Amino acid sequence: MFLFKTNFILRSLYPRFRWRVRTREKVIYLTFDDGPIPEVTEFVLATLKEFGARATFFCIGDNVRKHPEIYEMVCRSGNSIGNHTFNHLNGWKTEDGPYLENFRQCQTQLGLPTRLFRPPYGRIKRSQAREVLQTHEVVMWDVLTGDFSPNLQPEMILRKTIHYSEPGSILLFHDSLKAWPRMSFALPRVLSHFSERGYRFEGL
Ligand SMILES: [Zn+2]
């Protein structure tokens with residue numbers, strides 16, 4: 001079974017991480033991991049603009065290095081930017097030293113003082129998190145769209161995402177080639193659905 005909605009157990013295990021935003025206002029926080037990537041990230045930026053929406057991009061440092069012109073577009077778009085390590089490391093499988101070094105390397109590559117961090121795969125050891133939390137907020141998610149999974153149908157992703165999103169929800173999408181077939185289907189429809197119901201979309 002695919003866990004679209006972050007449950008109480010997971011949240012309570014990591015209470016210092018941000019899972020959602022406490023608000024009664026109709027606001028949704030879209031987040032995009034793993035970019036910047038030509039065409040995919042450009043599509044996301046254009047789609048957000050179409051709906052007057054803002055979001056947060058958790059960038060991989062190495063992709064920023066490879067695609068500086070796309071990164072520049074993200075920076076100029078008024079959306080928020082976060083650190084997603086330089087090489088998309090899995091914290092559970094990486095020693096603390098190299099992990100934190102990779103986190104700092106990404107920060108340098110981003111070239112701006114973001115205070116947002118999302119651990120790749122949502123996996124980070126407590127010892128690593130303790131260090132990261134000194135300077136950054138660790139942002140997880142409330143709704144996992146599942147756009148990265150080729151086993152899920154785009155229509156199902158859309159349906160579940162709409163079903164589980166509520167005021168203050170943090171939604172996790174990917175601006176990656178892998179997620180493209182599903183993200184490009186679901187994103188405009190999610191924006192359209194909630195815009196029609198009076199929601200706005202903001203960066204963190
Ligand atoms: Zn990622």
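Read-outs throughout are calculated quantities, based only on the coordinates presented, and are distinct from any laboratory measurement. What you see is a predicted model; the values in this text were computed from it and never measured. Heads up, the Cβs are rebuilt from the backbone with ideal geometry, glycines too, and the neighbour counts pull from every protein chain shown.
For this structure, a couple of remarks:
- Modelled spin labels at D96 and E69, positioned 7 Å past Cα toward Cβ, are 4.3 nm from each other.
- Each 10 Å bin from 0 upward holds the following percent of the Cα-Cα pairs of the chain: 9, 37, 39, 15, 1.
- Computed FRET value (nearest 0.05) for S127 with L3, which takes r as the C-beta separation and R₀ as 35 Å: 0.85
- Under 18 Å from the T108 label point (7 Å along Cα→beta-carbon), backbone N, the stretch 127-142: 132
- Simple Cβ-charge dipole of the stretch 29-202, Lys/Arg +1 and Asp/Glu -1, about Cα centre, in debye nearest 20: 280
- Built amide H within the under 5 Å cut-off of H174, gap 5+: D33
- Extending 7 Å from the Cα toward the beta-carbon at both I162 and S192 defines two label points whose distance is 1.0 nm.
- Subtracting the Cα-Cα distance of Q153 and T23 from 0.36 nm times their residue separation leaves 43.7 nm of extension gain.
- Inter-part distance where the stretch 1-39 and the stretch 114-185 are each reduced to a Cα centre, Å: 6
- Under 29 Å, Cα to Cα: Lys pairs in the chain, sequence gap 8 or more or different chains: 18
- Here the 3J(HN,Hα) profile of the stretch 55-62, calculated from phi with Karplus coefficients 6.51, -1.76 and 1.60 at θ = phi - 60°, is 8, 10, 10, 8, 8, 7, x, 5 Hz, Gly and Pro shown as x.
- Relative packing of peptides 29-36, 180-187, 197-204, 58-65 - highest average C-beta neighbours within 10 Å first: 29-36, 58-65, 180-187, 197-204
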